[in-house]
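Q: Here it is: the structure, laid out below.
Values quoted throughout were computed directly from the atomic coordinates according to the rules given, and no laboratory measurement underlies them. Here the structure is a predicted model, which is why all the values come from computation and not from measurement. FYI the Cβ positions are ideal-geometry reconstructions off the backbone, even for glycines, and counts take in every protein chain you see.
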Amino acid sequence: MAETPKRIRERRESTLSHLAGEYKDALHYTGELRRAIDSFSGPIPEDSPHRYLRQDVGDAILAYLTRVGASSGPKGKSIKDLVTELESGGCIFGVIKSPTEIVTKVVKAYVQSSRLEWQDRKQTLVGLPEKK
Amino acid sequence: MRFPDDQQITAVEVIRVKGEIRANCDLLLEYVHAVLPAAVASPGRLIILNQLRRDIFEVRSECGKVSVNFLRPKNKRILSRTRAAYEEMRLAAIVVCQQQEPALMDSLTVAL
């Protein structure tokens, strides 16, 4: 038997009310977690899947290149490498703009201000500038 | 900010689009100028804010090049450079947001 329009409306409103309550709890919990995280100082361990959570994209790239540069020589990384590393380290990108777009934008801005350098003529590999 | 989907665009629509673009540029520029002094101590933040400022000026410059002096609808191609510049500015704003409050990135993308 089909539900009456009144019953359907009641269910919809009840569901909306429930979802709104869950959303409010989630917002509250997020704020609490953020404050708890901020109360700690120092970095997150390098092997943690959340190592870039507290860093912006630029700092995360610099941290990664500094780390791999120290262990594997002054070889550049591609944008794809950077995206993979940042995603595996829990960097937040949102869902509308792609991580590649965001990382490329940051790399270009950092190259322009000489904090990063293209390592090849085709501008596919990026690395830290050589110290003079 | 939503660019028209139709192939043809009228002068009235171009004026509307330009008005919305300028309004968003003004808001972003106001934000950049408000937070720039506090960002001096953070090189990464300064780089991204300056990038956003450059992109805003680029959008405003492109916006000024689009003429509205036509009677019949024109191909939407006339807005392509402005649109490309606007997308760059939107991306720069998203990167700034990522530094400050990543949870708001998608909301900002939609709002811009």
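Q: Identify the single condition in (1) surrounded by 13 or more Cβ atoms within 10 Å (Cβ to Cβ); (2) more than 14 Å from chain B (Cβ to nearest Cβ) that A:Arg121 does not satisfy, given that it satisfies every other one.
A: It is condition (1) that A:Arg121 fails.
Q: Next up: Just name the residue that is farthest from B:Pro4 (Cα to Cα) out of those in region B:64-90 that are within 10 Å of the chain's Cα centre (by Cα) and hydrophobic (A, V, I, L, M, F, W, C).
A: Here the answer is B:Met89.
Q: While we're looking at this one, here's another question. Find the helices (runs of 4 or more DSSP H) located wholly in chain B whose residues include 2 or more that are within 9 Å of another protein chain (Cβ to nearest Cβ) and not aliphatic (A, V, I, L, M), and list them.
A: Correct list: B:43-65, B:80-100, B:105-111.
Q: Okay, next question. How many residues are more than 8 Å from every other protein chain (Cβ to nearest Cβ) and buried (at least 18 other Cβ atoms within 10 Å of the Cβ) if we restrict to region A:109-118?
A: 1
Q: Among the residues of region A:112-132, how many are over 23 Å from B:Leu46 (Cβ atoms), of a type outside the set (Ser, Thr, Tyr) and in a loop (DSSP other than H, G, I, E, B)?
A: 5
Q: Another question, if that's okay. Residue under question is A:Ser41, and the condition is that it be assigned to a helix (DSSP H, G or I) and not charged (D, E, K, R); does it hold?
A: Criteria not met by A:Ser41.
Q: So, one more: Within region B:28-42, restricting attention to residues that are surrounded by 14 or more Cβ atoms within 10 Å (Cβ to Cβ) and out of contact with any Leu (no Cβ under 8 Å at 6 or more places or on another chain), which residue is farthest from B:Ile94 (Cα to Cα)?
A: B:Ser42
Q: List the pairs whose first member sits in region A:77-104 and is within 11 Å of another protein chain (Cβ to nearest Cβ) and more than 14 Å from B:Cys97 (Cα to Cα), whose second member is of a type in the set (A, V, I, L, M) and not in a helix (DSSP H, G or I), and whose Cβ atoms are under 8 Å apart, counting only residues at least 6 apart or on separate chains?
A: A:Gly90/A:Leu53
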